[in-house]
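I have placed the structure first, in the form of structure tokens, so that the comments after it can refer back to it.
Any read-out appearing in this document is the output of simple, stated calculations on the displayed coordinates, not a laboratory observation. Since the structure is predicted, the reported quantities are computational estimates derived from the model, not experimental observations. As a convention, Cβ positions derive from the backbone with ideal geometry for all residues, glycine included, and neighbour counts pool all protein chains shown.
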Amino acid sequence: MQLRYNYRLHPTTGQRAALARAFGCARVVFNDGLRVRTDAREQGLPYIRDGELSTRVITEAKKTPERSWLGEVSAVVLQQALADLNAAYRNFFASITGKRKGPKVAPPRFRSRKDNRQAIRFTRNARFSITAAGRLRLPKIGDVPVRWSRTLPAEPSPVTVIKDAAGRYFASFVVEVAGQPLPPVEPEAGINLGLSAFAVLSNGRKIDAPRFLRRAEKKLTRLQRALSRKAKGSNNWAKARQKVARRHAKVADARREFHHQLSTRIVRDNQAIYVEDLAVKGLARTRLSKSVHDAGWSAFAGMLEYKAVLYGRVFHRIDRWFPSSKLCSECGALAASMTLNVREWTCPCGAVHDRDVNAAKNILAAGRAERPNACGAQVRPGAGLAQREEAGSLRGAA
């Protein structure tokens, strides 16, 4: 499977200027290509093919006085910017024709130099390399110092150089990694994700929600207030904006580290992991939106999924409409309704349930029922509610 490895870059002043030129040239080529195709569509002309577009906005444009400075950066950077535009168009066309699943994809939009995130990509054709001194050698930029937080497990293919909103530079490598199966273990885990407790496992263990954004709100409020008092576009405004961005980046880094550590521990300790497929987009439109975004459920579930594949574990998502909270894990009775403020409830069978622990147990049971076997079929039919007068097998049944 392919994994992405990110490393912090520390370019010199001259290298920062060279990277800024590369970001600008890639953005201009992308916008020029988008403008050419937009004009052709408005004039009723045929769709411009990729090769012809590259000739127009790169090869021929370099010969003009207005775009002669495109030759100051690597040609691969410009070609990759057009490749991004072509991919955006393909995704858009596939979306409107129904070939692409998921939410509808909007047509490509023009890139702005004021975007908080800037990125360029170098392929193997650009002949980037890692020097013996551990620096990243980029064409027409130089040898950029890298903070190697871990070793690359394989030879990288493309490298993407990113500048984020906080002014930090990163090198992002895509590498092909073979599976690393862990020794089999007995436990299996159903996980109920929530807000009061970030995750509740079917064995009764609760992981507290760290609430990184909530804890940083006081300082963020002060920084945002200072930003609002600066004249927009001034140097002081730019400095204040970057302070806010750095604080948000610190929150995001802490949340990501928490997700990585917890997901690795769960995958290592359990042979199978089952989670509920939550409607995060819908929940993010409620009054709990800030807490939902602060929790980062989707990112955490994504880490569980790819790490389960990498380490030879089983991962399965339960249908979001499965009534995990209202279903008694002891007798299978389904409560008529249950508001969010009900944290404990008693079933008519006499079982007293913690809402989150009960949901985790039901997710585990549903995951085992829905999990396909080696032949691709379900292990057993889906769970159904037993009628009270027919709670057992009939006599004489085969």
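Sort the chain into rounded, prolate or oblate with this rule: let a ≥ b ≥ c be the square roots of the eigenvalues of the Cα gyration tensor; rounded if a/c is under 1.5, and if a/c is not under 1.5, prolate when a/b is larger than b/c, oblate otherwise. Because a/c hits 1.5 or more and a/b exceeds b/c, the chain counts as prolate.
Total Lys pairs in region 2-176 closer than 23 Å by alpha-carbon, pairs eight or more apart in sequence or interchain only? Working shown, then result.
Numbers: Lys62/Lys140; Lys63/Lys140; Lys114/Lys163; Lys140/Lys163.
Close lysine pairs under the 23 Å cut-off: 4.
Counting alpha carbon pairs within less than 8 Å and at least 6 residues apart, what relative contact order, in whole percent, applies to region 2-176? The value is 34 percent. For the chain, the longest principal axis of the alpha carbon atoms and the long axis of helix 75-96 meet at an angle near 40°. Computed over the chain, relative contact order equals 15 percent, with contacts defined as Cα pairs under 8 Å that lie 6+ residues apart.
If you take all other residues with their beta carbon under 13 Å from the beta carbon of Leu262, and give Lys and Arg +1 and Asp and Glu -1, the sum is +4.
Ranked by the mean number of other Cβ atoms within 10 Å of their residues, highest first, the peptides 3-14, 27-38, 154-165 come out as 27-38, 154-165, 3-14. The fraction of all Cα pairs in region 188-389 landing in successive 5 Å bins from 0 to the largest distance is 1, 7, 13, 16, 16, 14, 11, 7, 5, 4, 3, 2, 1, 0, 0, 0, given as whole percents.
Mean residue ellipticity, 222 nm, helices only, the chain: the sum of -39500 (n - 2.57) across DSSP H runs of n ≥ 4, divided by residue count and rounded to 500, is -12500 deg cm²/dmol. Give, as a single signed number, the net charge of other residues whose beta carbon lies under 9 Å from the beta carbon of Ala83, with Lys and Arg counted +1 and Asp and Glu -1. Around Ala83, the charge tally is -1.
The mean sequence separation of alpha-carbon pairs under 8 Å and at least six residues apart, normalised by the residue count of region 188-389, gives a relative contact order of 24 percent.
Of all DSSP-defined beta bridges confined to region 188-389, some 55% are antiparallel rather than parallel.
Summing Lys, Arg as +1 and Asp, Glu as -1, what charge do residues with Cβ under 15 Å from the Cβ of Tyr47 carry, Tyr47 excluded?
Numbers: positive: Arg35, Arg37, Arg41, Arg49, Arg56, Arg90; negative: Asp39, Glu42, Asp50, Glu52.
Net charge in that neighbourhood comes out at +2.
The angle between the Cα long axis of helix 297-310 and the longest principal axis of the Cα atoms of the chain comes to about 90 degrees, rounded to the nearest 10.
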